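Enquirer: Okay, handing you the structure first.
Every number in this text was worked out from the coordinates using simple rules, so none of it is lab data. Keep in mind that this is a model prediction, so the values were computed, not measured. Cβ: placed from backbone, ideal geometry, glycine included. Neighbour counts: every protein chain shown.
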Amino acid sequence: MAEMAHFYFTHDSDYKIEAFICDKEYIKEDNFLSLPVVPFEEVEKLYPPKDYYMFIAVGYGKLNSSRKQKYEEAKSKGYELVSYLNSKASHYGDLKIGDNCFILENQVFQSNVKIGNNVVLWSGNHFGHDVEIGDHTWLSSHIVVSGNVKIGESCFIGVNATFRDHITIGNECIIGAGALILNNTKDKSVYIETPTKPYPMDSEKFVKFANL
């Protein structure tokens, strides 16, 4: 995740990456991508918050709680957390984004979309008008969120999920890949689409059977 953030911030933003940070007990090397790696416990001494911004590049582990924890710890140290919005995202200028968001290419945002803090939007999603995304939520790729949908905090949304309009998704929900959500969900709900089962015939026999 840190490597991805480095790539996008370097090639598509006005920010310059000065260093990486990591909890001291997990540091195995002093450098990463030719930049210093410094302990999170000591970062404010080496890179004081009055002179530097920070971005928390952590994945969706433990339903985003790991990223949320580091986000809150960085805020408590006094850092301003920056967001990244890819230049190839499409919107009308009224998009509202919180801090420490990571929004990749080919998003379509209709009018009056609000993105909370510490949200990750992977590439190629559609957001209808008046959509709201809660803090610390992670959305994968090619998701369709129809108009007036509200997605709660600390959710994980898998690839190709679809949400009908005018529904509310609770906090800490897991919506699996390819799921179709037509109604409101309660907090901590899990929706998993049934995987496609293998056909009881190998491809060689199937080609002959189907005359392909």
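Enquirer: Taking the simple approach of a point 7 Å from Cα along Cα-to-Cβ for both GLU3 and ASN112, what is their distance in nm?
Expert: 4.3
Enquirer: May I ask you to derive the FRET efficiency for SER65 and LEU182 from their Cβ-Cβ distance with R0 = 30 Å, giving the value to the nearest 0.05?
Expert: After rounding, the FRET efficiency stands at 0.60.
Enquirer: Write out the GluC sites (Glu not before Pro) in region 1-69 meeting two conditions: DSSP loop, and at most 15 other Cβ atoms within 10 Å of their Cβ.
Expert: Listed in order of number, the matching sites are GLU18, GLU29.
Enquirer: With no solvent and one point per C-alpha, what does the Debye sum give as log10 I(q)/I(0) for region 34-87 at q = 0.25 Å⁻¹?
Expert: Normalising to I(0) and taking log10 leaves -1.10.
Enquirer: Rank these for me by crowding, ILE103, ILE133, going from fewest to most other beta carbons within 10 Å.
Expert: Ordered by Cβ neighbours within 10 Å, fewest first: ILE103, ILE133.
Enquirer: Packing-wise, with mean Cβ within 10 Å as the measure, how do 90-99, 110-119 rank, highest first?
Expert: 110-119, 90-99
Enquirer: So what's Rg/Rh here for region 2-76, counting alpha carbon atoms and using the Kirkwood radius for Rh?
Expert: My calculation of the ratio gives 0.94.
Enquirer: Kindly express, to the nearest 10 degrees and within the range 0 to 90, the angle between helix 2-11's C-alpha long axis and the longest C-alpha principal axis of the chain.
Expert: For 2-11 against the chain, the angle is about 80 degrees.
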